[in-house]
1. So, in segment 65-100, of the ones that are in contact with a Phe, Trp or Tyr (Cβ under 9 Å, 6 or more places away or on another chain) and of a type in the set (Gly, Ala, Ser), which residue ends up surrounded by the most Cβ atoms within 10 Å (Cβ to Cβ)?
2. Give me the pairs, please: first residue somewhere in segment 172-184 and assigned by TED's automatic domain parsing to the domain that holds Gly157, second residue anywhere and part of a loop (DSSP other than H, G, I, E, B), beta-carbon distance under 7 Å, and either six or more positions apart or on two chains.
3. Does segment 112-123 contain at least one residue that is of a type in the set (Gly, Ala, Ser) and surrounded by 19 or more Cβ atoms within 10 Å (Cβ to Cβ)?
4. Name the residues in segment 65-88 that are over 13 Å from Leu125 (Cα atoms) and in a helix (DSSP H, G or I), would you?
5. Tell me, which helices (runs of 4 or more DSSP H) lie completely within segment 109-211 with 1 or more residues that are at pLDDT below 85 and touching a strand residue (DSSP E or B) at 6+ places or on another chain (Cβ under 9 Å)?
6. Looking at (1) more than 15 Å from Ile4 (Cβ to Cβ); (2) modelled with pLDDT under 85; (3) not in a helix (DSSP H, G or I), which one does Ile101 not meet, given that it meets all the others?
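The values are calculated or read from the model by the stated rules, or taken from the named source; none is laboratory data. If you're wondering where the values come from, they're calculated on a predicted model, not measured in any experiment. No Cβ is skipped: glycine too gets one built from the backbone with ideal geometry, and neighbour counts run over all protein chains shown.
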Amino acid sequence: MTRILHVDDHALFRESLSRLLAAESDCRVVAQCSTVDEAVARLDQPDFDLMLLDYELGDRRGNEVVAAARQRNLPAKILIVTVGLTRTEIRQMLNAGVAGIFLKNNSPEQLMAAIKTVLNGETWLDPKYQQLLSDLPSSEASRRARFTERDRQVLRGVFEGLANKEIADRLRVSESAIKASLQQLFSKTGVRTRSQLVRVALEHYRRELLN
């Protein structure tokens, strides 16, 4: 069971997301916070595995919560869930150790994919910010280049020329989940199209894909 702390200053969004997560058998929201002060205070009760953190919290910012979590060596992952960040803010958050950045205009299926990705020890970077991968330290870029078993399964389907729906049927998941997986693969490899993904994966990650 994944225990989640949700920090967002919009009550309607908090309640809607809580209902969405409650529908997932392996997720449970253990607490909700609406301000920076509430969230920082809650860090002293680290009974959660993942924090979903809005960046804009009234007239303050989520980076204060991230800094406080870092000071406490919080073991929980932090996924920023926001309407958008500047290039500088993205760099700051990734350098501060957040597990990912997710945009609120994405689908619920993509959010669940992002949650599973960060809980698996990887970083979720919204496709909108793919170009920032080239600016990250090499150790960060290398970590993003690791493929999960699901990545390999999706890539095999792409190599075979299967459509998203055909891959989804094979893996018994939704087509939206496959689209989210592909976007994450694009992010990991720094490409934008399927053809580029095939070429780059075979040229640079052949050994990892065959492991």
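1. It comes out as Ala99.
2. Ser176/Ser107
3. So in segment 112-123, the residues of a type in the set (Gly, Ala, Ser) come out as 113-114, 121.
With surrounded by 19 or more Cβ atoms within 10 Å (Cβ to Cβ) added as a condition, the list becomes 113-114.
Among the residues of segment 112-123, at least one is of a type in the set (Gly, Ala, Ser) and surrounded by 19 or more Cβ atoms within 10 Å (Cβ to Cβ), which makes the answer yes.
4. Quick first cut of segment 65-88, residues over 13 Å from Leu125 (Cα atoms) only: 65-77, 83, 86, 88.
Correct list: Val65, Val66, Ala67, Ala68, Ala69, Arg70, Gln71, Thr88.
5. Working: elements: 138-144, 149-159, 164-171, 175-189, 194-204, 206-210.
Counting at least 1 such residues, we get 138-144, 175-189.
6. (2)
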